[in-house]
Amino acid sequence: MTGKLLDITKSIPTPFLLVEEQIIKRNINRIYNYARQHGFALRPHIKTHKSLYLARLQIDSGAVGIAVAKVGEAEKMAELGGLDITIAYPAIGNERALRLAGLSCKHKIRVAVDSEYGINELANAAARHKTVIGINIIFDAGLHRCGFSDPNQIIRLAQHVEKQAGLRYDGIQMYLGHLYGDAARDPQSFKQINQLWEPVYKALCQAGLCPQTISSGSTPSLEKTHLIRHVNEITVGTAFLNDYFVVKFGHCDLENCAARVVTTVISDVTPGQVIIDAGSKGLSAKQLLRRENLEMGYIPDYPEARIFRLHEEHGWLDISHCKNPPRIGQRLSIIPVNISLCFNLYDHFYLLTSDDTLQKERIQARGSYV
């Protein structure tokens, strides 16, 4: 951290989560410019930050709505009023379905599905609330997590949706999570996806089920979305903040990372090593492998240092390769491996505004697991 930033944040006990407003606004502008250039609607996925403040910042920049992972996130975000919300996750379970149906009485709600079971639960809940819930069928673009790539299976689900009085068939959702690093930059990767997707699209249209919305997402492949045919919406989350995973695989520069975990060196008794006050409860235990070594975050001011172990409240730093190693009592800022996990660990974050003031903001949807 720069001396100026240290002075601004020195009164805040560590560890804490810091977000730089200028960087996130710059990321928002870059993403929205790309979307506009290619005629895409943009739907930020708020599972990354779970914050009403940041969601409002994204919506005010021109988003058509938001995406969430869980019903609890949708309920918290609904406090913003009049939202178009996609639950980009199969909402299996009667309680989930009923809560979503309740939300749909005041908001436009859409849910991603890949089973008749889930469709039936949502239809029954919609009937009880006398409302209508939109449905996106999940297309498997290659991750093999949820959804189908078989045209017949997708048509079958879309037709089943059309038969339900309380449901509205809206379109298709896909996620390109299997593409990162070189694969996310290789045009051949997108050609392979199109070889799967084009027959599905044609079959849907021939069956009278041409999708109104075709949504694709994933941060590493974000700026190659235009290579997927017929897509008209981008659903993306991490790209607005970025993290060490995104940096490591060459999808952004350090200057595009808007969030850091600020921590303090609390012990230096072992030569070549220091201990910080951010453990797995502050950084998460997400790991990356770099140069045959496990890493659990990146410290821009000390690139030779390596976070190699996390206990609940302690982090181990190998500083043996640092010419001027950090000292006890010194504050460090860390780019976490997965920023989404970090946001879910904190009740608040501190926004460093464009005029160098600190603004404390709640993370309202933290811990929304249902």
Selection from the range 44-73 of residues crowded, with 18+ Cβ neighbours inside 10 Å and among the acidic types (Asp, Glu) yields 73
Please state which of the following conditions residue 178 fails to meet, knowing it meets all the rest: (1) within 19 Å of the chain's Cα centre (by Cα); (2) over 23 Å from residue 93 (Cβ atoms); (3) in contact (Cβ under 8 Å) with a residue 40 or more places away in the chain; (4) surrounded by fewer than 19 Cβ atoms within 10 Å (Cβ to Cβ). (3)
Exactly one of 17, 42 is in contact with a His (Cβ under 9 Å, 6 or more places away or on another chain), closer than 30 Å to residue 71 by Cβ and in a strand (DSSP E or B), and that one is 17
Take residue 76 and tell me if it is of a type in the set (Lys, Arg), out of contact with any Gly (no Cβ under 9 Å at 6 or more places or on another chain), farther than 25 Å from residue 224 by Cα and surrounded by 20 or more Cβ atoms within 10 Å (Cβ to Cβ). yes
If residue 248 passes every condition in (1) surrounded by 16 or more Cβ atoms within 10 Å (Cβ to Cβ); (2) over 26 Å from residue 135 (Cβ atoms); (3) at pLDDT 95 or above but one, which one does it miss? (3)
Out of curiosity, is residue 203 among the small types (Gly, Ala, Ser) and either surrounded by 15 or more Cβ atoms within 10 Å (Cβ to Cβ) or under 24 Å from the mean Cα position of the chain (by Cα) (or both)? yes
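Taking residue 129 as the residue in question, decide whether it is closer than 22 Å to residue 232 by Cβ, more than 21 Å from the chain's Cα centre (by Cα) and touching a residue at least 12 places away in the same chain (Cβ under 8 Å). So that I can check it myself, show each step before the final result.
Details: closer than 22 Å to residue 232 by Cβ: no; more than 21 Å from the chain's Cα centre (by Cα): yes; touching a residue at least 12 places away in the same chain (Cβ under 8 Å): yes.
No: the conditions fail for residue 129.
The values are calculated or read from the model by the stated rules, or taken from the named source; none is laboratory data. Since the structure is predicted, the reported quantities are computational estimates derived from the model, not experimental observations. Reconstructed Cβ throughout: ideal geometry from the backbone, glycine too, with neighbour counts over all protein chains shown.
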